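The values are calculated or read from the model by the stated rules, or taken from the named source; none is laboratory data. What you see is a predicted model, and the numbers here were worked out from it, not measured in a lab. We place every Cβ from the backbone using ideal geometry, glycine too, and count neighbours over all the protein chains shown. Each accessible area value is taken on the protein alone, full model and side chains, heavy atoms only, with ligands, DNA and RNA left out. Shrake-Rupley method; radii C 1.70, N 1.55, O 1.52, S 1.80 Å.
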Amino acid sequence: MTQPYMGALKQVERLMQDSLGTYSQNSMNQLHDLCIQMSQDPVYDVDYLKLMELYGRKYRKEKNEEALRFVVMRMQQVSLARQTPKRTYAGVVFTNRPLDAFTIAFLKEFPSLLHTYEERYKVRILQIATLVFVVALIVLVLLFHLSFLIIWLSLLLMFGVFVYYTFQYGYASIVKEQMQDLIQFVDPTLKKLDERQMSK
């Protein structure tokens, strides 16, 4: 049965805010315990995002860049899923509840991480596809003396199909692989929760 964890998460947040320098062992123990509890049953999206935010702050304090990048990318994925009717994460119950103000502020510090990866990927795919298109056109027309119009139309069709499928499915596959690499840097309890709640 899904239960709200926001109150307990806010208590951990207050403990973390009261810490000077490194976060107190008490706050980290409570965060660890909450993560274990939240891995047992489906959780609300706002609670999941709050938990990830607190881990993100922990990793930033520890200068664990890989774990921080994982947390931010996962938070951005869940935030995007909240905006779409097709919500695909098995262990997350999506709601219309507003996000916590500190969670929003944390996400705003990393506004374009997923978007930047996607743009770089698409630019690279377009560059490769264009190069192959031009080389194939030159070779087939000049060396094999095939009809320019037929070859141009055929290559254009293949270019469109290739770009469409790589944009639709290739990027998701690349991100998934990267997330699988980055998750190795997070706490074992968070890894377990993520693998259980974020399965599709």
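Yes/no per residue for (1) open to solvent by 50 Å² or more (accessible area, probe 1.4 Å); (2) at pLDDT below 85:
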| site | (1), (2) |
| --- | --- |
| ALA90 | yes, yes |
| THR103 | no, no |
| ARG120 | yes, yes |
| VAL141 | no, yes |
| SER154 | yes, no |
| GLY160 | no, no |
| TYR169 | yes, yes |
| ASP194 | no, no |
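Take LEU51 and decide whether it is in contact with a Cys (Cβ under 8 Å, 6 or more places away or on another chain) and part of a helix (DSSP H, G or I).
It is true that LEU51 is in contact with a Cys (Cβ under 8 Å, 6 or more places away or on another chain) and part of a helix (DSSP H, G or I).
Filter the range 7-24 for residues that are part of a helix (DSSP H, G or I) and either farther than 15 Å from GLU53 by Cβ or touching a residue at least 12 places away in the same chain (Cβ under 8 Å) (or both) and give the result.
Correct list: GLY7, ALA8, LEU9, LYS10, GLN11, VAL12, GLU13, LEU15, MET16, ASP18.
Looking at ILE150, ILE183, ILE125, which is the one that is open to solvent by 50 Å² or more (accessible area, probe 1.4 Å) and assigned to a helix (DSSP H, G or I)?
Unique residue meeting the criteria: ILE150.
Suppose we filter the range 75-98 for residues that are touching an Asp or Glu at 6+ places or on another chain (Cβ under 7 Å) and of a type outside the set (A, V, I, L, M, F, W, C); how many remain?
Final tally of qualifying residues: 2.
Out of (1) open to solvent by 50 Å² or more (accessible area, probe 1.4 Å); (2) in contact (Cβ under 8 Å) with a residue 40 or more places away in the chain, the odd one out for LYS86 is which?
(2)
If you go through the range 68-79 one residue at a time, do you hit one that is over 19 Å from PRO111 (Cβ atoms), surrounded by fewer than 22 Cβ atoms within 10 Å (Cβ to Cβ) and of a type outside the set (Lys, Arg)?
No - not one qualifying residue is present in the range 68-79.
Identify the residue in the range 163-177 that is in contact (Cβ under 8 Å) with a residue 40 or more places away in the chain and under 14 Å from the mean Cα position of the chain (by Cα) and, among all such residues, is nearest to LYS50 (Cα to Cα).
VAL175
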